[in-house]
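Q: Can you read through this structure? Questions will come right after.
Just so it is clear, none of the values below were taken in a lab; they were calculated from the coordinates. Nothing here was measured: the structure is a model prediction, and the numbers come from that model. Cβ: placed from backbone, ideal geometry, glycine included. Neighbour counts: every protein chain shown.
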There are 2 protein chains.
Amino acid sequence: MITDMKHVENTTEYLLEHEVKPSFQRLRIFDYLNEKHNHPTVDNIYKELVNEIPTLSKTTVYNTLKLFTTKGIAQVINIEDNETRYDSDTSTHGHFKCLNCNKIYDFSLENSHFNIPDLDGFENKQTHLYIKGICPSCKNE
Amino acid sequence: MITDMKHVENTTEYLLEHEVKPSFQRLRIFDYLNEKHNHPTVDNIYKELVNEIPTLSKTTVYNTLKLFTTKGIAQVINIEDNETRYDSDTSTHGHFKCLNCNKIYDFSLENSHFNIPDLDGFENKQTHLYIKGICPSCKNE
DNA sequence: GTATCTGCAAAACATTTGCAATTCT
DNA sequence: AGAATTGCAAATGTTTTGCAGATAC
């Protein structure tokens with residue numbers, strides 16, 4: 001991984017702080033994002049969690065992720081057009097997708113000189129930087 | 001508009017140079033992208049062009065855009081997760097979407113200090129920068 | 001007991017696929 | 001005629017919606 005993850009320690013408190021009632025399903029979905037930070041799709045989350053929550057429905061996963069993004073504790077990643085992915089790290093950071101192994105890496109934007117040119121009068125509320133290419137592991141094969 | 005568009009003058013020649021046989025439908029679809037450069041969805045293109053080409057099908061629009069992206073004369077814009085948009089300007093440039101009026105603006109990345117940090121060993125093949133916020137027109141209302 | 005949350009089933013969209021008809025040379 | 005292109009209809013996949021039952025306070 002290129003950069004350190006923001007990691008939430010107490011999920012229940014964190015949800016409450018962001019006006020999200022910590023139901024069992026919501027806690028497990030947030031924990032999944034927070035612990036694996038693997039940028040999963042709805043289907044990834046559902047398939048993994050249905051093992052431990054057999055009654056789970058995809059509708060709940062959709063509802064929960066929409067709630068999380070609305071409350072600002074998750075962000076959408078649109079690095080590929082046929083799959084919506086999610087990230088519980090809501091800080092501004094970049095995503096690198098390897099075109100060979102499809103793995104998604106995070107990287108910090110803090111140390112980069114990231115100046116938006118000629119944006120006078122444009123108010124920047126969200127920055128999404130996606131880079132695609134070949135990762136070091138795949139390069140060395 | 002924040003930056004100047006790349007504008008193709010002779011569409012037929014341009015398609016031939018990129019190994020795309022210039023059928024009537026392909027010419028009209030490319031011209032639409034090139035003249036309006038309004039980052040349309042498949043549905044936008046279809047609804048507009050079906051007026052002048054009554055037999056046009058969405059399948060053809062899909063086929064054509066896939067061909068264009070494969071041949072490198074159009075690029076996909078994933079600034080929003082529920083809609084795939086297209087741009088005939090394949091140069092690396094940023095996109096700004098106004099959260100109020102939904103208009104998408106282009107901006108140049110050439111004058112910015114755009115240094116990807118800690119990307120040693122990562123080979124950058126495509127850069128996509130999306131910024132969302134409020135545009136000047138909407139701010140002044 | 002009332003609000004909220006969950007999850008099923010159906011609906012709504014977006015995109016892809018198979019194939020037959022059309023067009024171009 | 002032969003090859004490529006187009007377009008219809010059906011299939012697939014993803015996300016949303018309506019509503020009824022379950023859960024929480």
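Q: When only C-alpha pairs under 8 Å and at least 6 residues apart count, what is the relative contact order of chain B, in percent? Don't skip to the answer; put the middle values down first.
A: On the way: 169 pairs, mean separation 31.7, N = 141.
RCO, chain B: 23 percent.
Q: What ranking of A:K71, A:K21 emerges when the number of other C-beta atoms within 10 Å of each C-beta is taken as an exposure proxy, fewest first?
A: So the residues, fewest neighbours to most, are A:K21, A:K71.
Q: Kindly work out what percent of the DSSP beta bridges joining two residues of chain B are antiparallel, to the nearest 5. Display every interim value, and only then the final one.
A: On the way: 10 of 14 bridges.
Given both bridge residues lie in chain B, the antiparallel proportion sits at roughly 70 percent.
Q: Rounded to whole Å, give me the distance from the Cα center of region A:1-50 to that of region B:1-60.
A: 42 Å
Q: Arranged by the count of other C-beta atoms within 10 angstrom, fewest first, what order do A:S108, A:S57, A:S88 take?
A: Ascending number of Cβ neighbours within 10 Å: A:S57, A:S108, A:S88.
Q: How long, wide and thick is chain A, going by the Cα atoms along their three principal axes, in whole angstroms, largest first?
A: Between the extreme Cα coordinates on each principal axis of chain A lie 47, 45, 28 Å.
Q: Shifting gears a bit: What Kirkwood hydrodynamic radius do you get for region A:30-96 when you take the inverse of the mean 1/r over all pairs of distinct Cα atoms, in Å?
A: 12.3 Å
Q: Give the cross-link partners of A:K58 among the aspartates and glutamates, using a straight C-alpha distance below 12 Å as the criterion and excluding same-chain residues fewer than 8 apart.
A: Here the aspartates and glutamates satisfying the reach criterion relative to A:K58 are A:D43, A:E48.
Q: For A:K125, go through the lysines and keep the ones whose alpha-carbon is under 24 Å away, minus same-chain ones fewer than eight residues off.
A: A:K6, A:K66, A:K71, A:K97, B:K97, B:K103, B:K132, B:K139
Q: Cα atoms only: what Rg and Dmax, in Å, come out for the protein assembly as shown?
A: Radius of gyration, then largest Cα-Cα span, for the protein assembly as shown: 20.8, 62 Å.
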